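Inspection log for the structure reproduced underneath, given as C-alpha cells.
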C-alpha cells in the first residue's frame with residue numbers, strides 16, 4: 001500500500017495539482033489533512049480525501065474522515081479540534097475509537113511520524129508554510145508485509161532522506 005499525505009497548503013492550488021499529476025497512478029490514496037483554503041468542489045482537489053482545517057470555510061468538508069485503504073483503516077483529522085499543539089492524547093482517543101491503523105493530521109506545520117499503540121501517527125508538515133526550520137514537505141507512506149516507511153519530500157519531489165523513518169513489524 002502506498003499513500004500520499006499533504007497538509008496546510010493554504011490556497012496554493014498549483015502544488016496540489018502537481019502532486020496529483022505526479023502521483024495519481026502511483027498511490028492507493030491521496031490525503032489532504034486540512035487548511036487547503038479551497039472550496040470542496042475545486043477541481044484541484046479531485047482525487048484527494050480532504051478534511052476541514054481551522055482556516056477552511058467550506059462546510060462541505062468533514063472534520064474527520066475514516067476510510068479503508070487496502071485493508072487498513074485510515075483516520076484523518078486536521079488536528080485543531082484535538083489540541084495537537086499540546087498533545088496527541090485527544091487525537092489518540094478518536095483514532096482508537098475508529099480502530100485506526102494510520103492517523104494523519106496537520107495544523108502544527110511540523111512534520112513527524114511515530115508509532116503509538118500500533119498506529120502510525122503522521123503529520124506531513126506544511127507544503128506552503130513550514131515551521132521548525134523544515135522545508136515545505138509532503139509525505140509518502142509505504143506499507144509492506146514487514147514494515148511501514150514514511151518518506152518526506154520537498155516541493156521539487158526530492159526525498160529528504162534524513163527524515164525517512166521505517167517501522168518494522170516484529171513477529172513472535
So for segment 1-86, using the alpha carbon gyration tensor with a ≥ b ≥ c as root eigenvalues (a/c under 1.5 gives rounded; past that, a/b versus b/c decides prolate or oblate), I'd call it oblate
Whole-angstrom gap from segment 1-39 to segment 118-167, using each part's C-alpha centre: 13 Å
Considering the Cα positions of segment 18-63, please state its Rg to one decimal place and its Dmax as a whole number of Å. 10.7, 31
If the chain between residue 89 and residue 145 were fully stretched, how many nm would it gain, using 0.36 nm times the residue separation less the Cα-Cα distance? 17.3 nm
Percentage relative contact order, segment 20-65, counting C-alpha pairs under 8 Å, at least six apart: 36 percent
Sorted from fewest to most neighbouring beta carbons within 10 Å, what does the list 169, 104 look like? 169, 104
Everything considered on the Cα gyration tensor (a ≥ b ≥ c; rounded for a/c under 1.5, else prolate if a/b is larger than b/c, else oblate), segment 118-172 must be described as prolate
Top of 81, 122, 38 by mean-square fluctuation, Gaussian network on the chain, Cα under 10 Å: 81
Please compute the contact order of the chain in relative form: average sequence separation of alpha-carbon pairs under 8 Å and at least six residues apart, divided by the residue count, as a percent. 20 percent
What nm value, rounded to one decimal, do you get for the distance between residue 70 and residue 42 when each label is placed 7 Å out toward the C-beta? 2.8 nm
Just rank 50, 44, fewest to most, by other beta-carbon atoms within 10 angstrom. 44, 50
Rounded to the nearest 0.05, what FRET efficiency do residue 81 and residue 13 give with R0 = 22 Å and r taken as the Cβ-Cβ distance? Could you check? 0.30
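Taken together, the values in this text are just the output of simple stated rules run on the coordinates, not laboratory data. On a predicted model such as this, the values are computed, not experimentally measured, just so you know. Counting neighbours? That spans all protein chains shown, and the Cβs are built from the backbone with ideal geometry, glycine included.
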